[in-house]
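Participant: Here it is: the structure, laid out below.
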Amino acid sequence: MAARNQPMREALRKALREEMLRDERVFVMGEEVGKWQGTHRITRGLYEEFGARRVRDTPISEMAICGAAVGAAMAGLRPVAEMMTINFAFLALDAIVNHAAKIRYMFDGQFSVPLVFRAASGWGDQATASHSHAPEPIFAHFPGLYVAAPATPGDAYGMLKTAIRDENPVLFSESIALYPKPGPVPDDEDYLLPVGEGAIRREGADVTLVAWARGVEWSLQAARQLEREGVDCEVVDMRWLRPLDMDLVYESFRKTNRCVIVEESLPMYSFGSEIAAGIQEDMFDYMDAPVKRVSAMDLPLPYARDIELMALPDADKVVAAVKEIV
Amino acid sequence: MDIANGAALPDRDTLLDWYRQMVLIREFEETCYELYEEKRITGVYLHLYSGQEAVGVGALAAIEPRDHAITSYRDHGVALARGVDPGPLMAEMMGKRSGVSGGKGGSMHLASREHNFWGGFAIVGGHLPLAAGIALEAQYSGRDDVVLCFVGDGSSNNGYFHEALNLSAVWRLPVVWLIENNLYGMGTHIVEASGQPLLHKRALAYGMRDGGRIDGQDVVAVNCALDEAVAHARSEGPVLLEALTYRYRGHGVSDRQYNVRLKDELEEWKAERDPITRLGACLEEAHPDSRPAMSALEQAARDQVLAAVKFAEESPAPDADDLVRNVYVE
């Protein structure tokens, strides 16, 4: 397939634009998505191309942005609502959790809620405690919602298209740190990556590294370093936190019998806990070592650069965790 | 106390139809109350509409079938006035598969897509931005549908109210925000909860039409005010208005002290302002031959609710397949 090398930011923009061209019902709403061109420039140029009807600047009203997106989706539109940062989605947690995720079930299928909440996520830019989260597992807790978290520009492109075309509500997390990173983006307007399907990023025989979004990058770096030391890592990119592709994890684990889980989020009640629980429940007979978790430290994040980075996971911490179990 | 307050009186058939709806709602609600006491309706949430019938009936008579209605958890009366069959509504109370929401929503989550009744919603204020979104779809698609959003006085003080009303004003969305001010958010009186207890006055702050405060126990006055509000919403944008009303059965059925706590006030509202009594008196005065027709409607309401109870009790409960169905669109 023909592809162009583009940063994730451009891949997301391209997906949004193409889906808006393809389907009149798709529209964008959020804070500064229009005239400002998007805080992270994901919607750059869309206001000029599609106008104020389809690229809708909103007041700073997260509850109303998310709630109105739910109503518009129930009525037949396909809103793509942007949370400038995922931290602000906490203000709209009720609209996302109690309404978007539950309306189909509560009314026994009378309504569907085909929308996407796009949210810029992550930490590491001295954004300080209230603006530094990778809280995707919170949203993945709730049935009724899908949670997407792409690690590459190509995936961001194909997963956003899938999310927009899906009939269910999707929380689409975009890692701010990955926005500028380039990668191949397919030249195919119908490039759709199935909901809930993970990917093997690197094949290996000794240890399975399970990650998503930025964790994939740290895992691949760690794998390259460990290769020099004779340890062969397989890297599984989950891509979706819900549904969770445990079959893919198990397939890899049956081969390696060892696992390290890598995530940007906090450690308690986390993605890591979930994967580890699944492995011990379903793969007990294949386990040759304890399952290890690498996550952020269990802290609010400070401002000062020197200590902020101490709290974050990185490739070195992944290497250290792998060495504990091989 | 008269009704209509100077407004032109609709014809006899219209008044009788409103009477039919109001006695049906009262009968349905009082039956729900009895069924709950007898544990034939279970659960912890059942918020009855007795006393507030004129608001739902008068307001919904002002919109067309293509228009939209949405409300809070005090939703039985709105569902009935929107024309939803009492059988599947009662079945929902009893958690039956034949309920409007398959027995999975309960009293607070009634809806009927085919009636453009978008639901009862149980989180205070949660349905307000949904109303804005439903109105946005109509505007976006170039239709002139209106959304009638019932708003409890209690929800006027949470963030959803502010954000949804402001957004509707900024985007000129076709929403009628109708506050049903029954004076209490659970047990807290409106004057203890709102710095400005004349809730309709907030329209000024949002830059939208102020539809004023109306007598919510007067079905004709409600309908007359809503006709104007709906016309404005259809052509110009959002309207906020407030119907002063009263609930006869406390916040919910678990509120067992309301008739002690509010004894005098409750008796006064029932004796002097009951919306059904007032409409009945009005009908008899304007059309002295109406009594037999009204009696027939009262009997029909009793029969209809009895049939609904029978339908509900004879319906099967949902099963394990229903439990896991409709989490997602598969």
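Participant: Mind checking which pairs have a first residue in region B:272-289 that is under 19 Å from B:Gly51 (Cβ atoms) and a second that is assigned to a helix (DSSP H, G or I) and open to solvent by 80 Å² or more (accessible area, probe 1.4 Å), Cβ under 9 Å, 6 or more apart or different chains?
Facilitator: B:Thr277/B:Lys270; B:Thr277/B:Ala271; B:Gly280/B:Arg291
Participant: Also, I was wondering about something else. For region A:85-96, what are the residues that are more than 25 Å from A:Arg9 (Cβ to Cβ) and either at the interface with another protein chain (Cβ under 10 Å from one of its Cβ atoms) or more than 21 Å from the chain's Cα centre (by Cα) (or both)?
Facilitator: Matches in region A:85-96: A:Asp94, A:Ala95.
Participant: Return the only residue of B:Asp274, B:Asp255, B:Asp321 being at pLDDT 95 or above, under 30 Å from A:Ala101 (Cβ atoms) and of a type outside the set (A, V, I, L, M).
Facilitator: B:Asp321
Participant: Identify, from the list A:Ser173, A:Ser132, A:Ser112, the residue that is among the hydroxyl-bearing types (Ser, Thr, Tyr) and at the interface with chain B (Cβ under 10 Å from one of its Cβ atoms).
Facilitator: Within the list A:Ser173, A:Ser132, A:Ser112, the selection yields A:Ser112.
Participant: While we're on this one: Right, A:Phe139: under 18 Å from A:Asn168 (Cα atoms), part of a strand (DSSP E or B) and modelled with pLDDT of 95 or more or not?
Facilitator: no
Participant: Which helices (runs of 4 or more DSSP H) sit wholly inside region B:36-97 and have at least 1 residues that are more than 13 Å from B:Phe117 (Cβ to Cβ)?
Facilitator: B:53-60, B:86-93
Participant: For a quick check of your reading of the model, give me the residue pairs whose first member lies in region B:113-136 and is within 14 Å of B:Gly159 (Cβ to Cβ) and at the interface with chain A (Cβ under 7 Å from one of its Cβ atoms), whose second is part of a loop (DSSP other than H, G, I, E, B) and open to solvent by 10 Å² or more (accessible area, probe 1.4 Å), with beta-carbon atoms closer than 8 Å and at least 6 apart or on different chains.
Facilitator: Taking only residues 6 or more apart or on different chains, the pairs are B:Ala132/B:Trp171.
Participant: For region A:151-167, give me each residue that is acidic (Asp, Glu) and within 14 Å of chain B (Cβ to nearest Cβ).
Facilitator: If the condition is that a residue be acidic (Asp, Glu) and within 14 Å of chain B (Cβ to nearest Cβ), then A:Asp166, A:Glu167 are the ones that fit.
Participant: For region A:37-54, what are the residues that are under 24 Å from the mean Cα position of the chain (by Cα), free of Cβ contacts under 8 Å to residues at least 60 places away in the same chain and under 15 Å from A:Val116 (Cβ atoms)?
Facilitator: Once the filter is applied, which keeps residues that are under 24 Å from the mean Cα position of the chain (by Cα), free of Cβ contacts under 8 Å to residues at least 60 places away in the same chain and under 15 Å from A:Val116 (Cβ atoms), region A:37-54 yields A:Gly38, A:Thr43, A:Leu46.
Participant: May I ask you to verify whether A:Gly34 is closer than 15 Å to A:Arg13 by Cα, open to solvent by less than 40 Å² (accessible area, probe 1.4 Å) and either without any contact (Cβ under 8 Å) to a residue 24 or more places away in the chain or in a helix (DSSP H, G or I) (or both)?
Facilitator: So A:Gly34 passes the test.
Participant: Here are some conditions: (1) buried (at least 22 other Cβ atoms within 10 Å of the Cβ); (2) farther than 19 Å from A:Arg22 by Cβ. A:Pro79 meets all but one. Which one does it not meet?
Facilitator: Going through the list (1) buried (at least 22 other Cβ atoms within 10 Å of the Cβ); (2) farther than 19 Å from A:Arg22 by Cβ, A:Pro79 breaks only (2).
Participant: State whether one or more residues within region A:125-132 are crowded, with 20+ Cβ neighbours inside 10 Å and under 26 Å from B:Gly125 (Cα atoms).
Facilitator: No, region A:125-132 contains no residue that is crowded, with 20+ Cβ neighbours inside 10 Å and under 26 Å from B:Gly125 (Cα atoms).
Participant: Run down A:Val147, A:Val195 and say which single residue is within 14 Å of chain B (Cβ to nearest Cβ) and part of a strand (DSSP E or B).
Facilitator: Unique residue meeting the criteria: A:Val147.
Participant: Which of the residues spanning region A:42-69 are within 23 Å of A:Leu93 (Cα to Cα) and among the acidic types (Asp, Glu)?
Facilitator: A:Asp57, A:Glu62
Participant: While we're on this one: Might you let me know whether region B:243-253 holds any residue that is farther than 15 Å from B:Asn182 by Cα and in contact (Cβ under 8 Å) with a residue 24 or more places away in the chain?
Facilitator: Among the residues of region B:243-253, at least one is farther than 15 Å from B:Asn182 by Cα and in contact (Cβ under 8 Å) with a residue 24 or more places away in the chain, which makes the answer yes.
Participant: State the number of residues belonging to region A:197-208 that are within 19 Å of the chain's Cα centre (by Cα) and open to solvent by less than 20 Å² (accessible area, probe 1.4 Å).
Facilitator: Within region A:197-208, residues that are within 19 Å of the chain's Cα centre (by Cα) and open to solvent by less than 20 Å² (accessible area, probe 1.4 Å) number 2.
Participant: Scan region B:123-140 for residues that are open to solvent by 30 Å² or more (accessible area, probe 1.4 Å) and out of contact with any Ser or Thr (no Cβ under 6 Å at 6 or more places or on another chain) and report the count.
Facilitator: 2
Participant: Suppose the filter is modelled with pLDDT of 95 or more, charged (D, E, K, R) and under 17 Å from the mean Cα position of the chain (by Cα); does B:Glu27 pass it?
Facilitator: It is true that B:Glu27 is modelled with pLDDT of 95 or more, charged (D, E, K, R) and under 17 Å from the mean Cα position of the chain (by Cα).
Participant: Restrict the check to region B:290-312 and report whether at least one residue is free of Cβ contacts under 8 Å to residues at least 24 places away in the same chain, under 30 Å from A:Ser112 (Cβ atoms) and hydroxyl-bearing (Ser, Thr, Tyr).
Facilitator: No: zero hits.
Participant: Scan region A:1-31 residue by residue and report those that are farther than 23 Å from B:Gln139 by Cβ and in a loop (DSSP other than H, G, I, E, B).
Facilitator: A:Met1, A:Ala2
Participant: Only one residue in A:Ala156, A:Ala211, A:Ala177 is assigned by TED's automatic domain parsing to the domain that holds A:Cys66 and crowded, with 22+ Cβ neighbours inside 10 Å. Which one?
Facilitator: Going through A:Ala156, A:Ala211, A:Ala177 in turn, the sole match is A:Ala156.
Participant: Can you say whether A:Val210 is outside any loop (DSSP other than H, G, I, E, B), more than 22 Å from A:Phe88 (Cα to Cα) and of a type in the set (A, V, I, L, M, F, W, C), as far as the supplied structure shows?
Facilitator: yes
Participant: Which numbered condition trips up A:Glu82, out of (1) assigned to a strand (DSSP E or B); (2) at the interface with chain B (Cβ under 8 Å from one of its Cβ atoms)?
Facilitator: Of the numbered conditions (1) assigned to a strand (DSSP E or B); (2) at the interface with chain B (Cβ under 8 Å from one of its Cβ atoms), the odd one out for A:Glu82 is (2).
Participant: Moving on. Would you confirm whether any residue within region A:55-76 is within 7 Å of chain B (Cβ to nearest Cβ), hydrophobic (A, V, I, L, M, F, W, C), touching a residue at least 24 places away in the same chain (Cβ under 8 Å) and open to solvent by 30 Å² or more (accessible area, probe 1.4 Å)?
Facilitator: yes
The values are calculated or read from the model by the stated rules, or taken from the named source; none is laboratory data. Just so it is clear, the model here is predicted, and its values are computed rather than measured. Here Cβ is always computed from backbone atoms with ideal geometry, including for glycine, and neighbour counts include all displayed protein chains. Heavy atoms of the whole protein, side chains included, go into the accessibility calculation; ligands, DNA and RNA do not. Shrake-Rupley method; radii C 1.70, N 1.55, O 1.52, S 1.80 Å.
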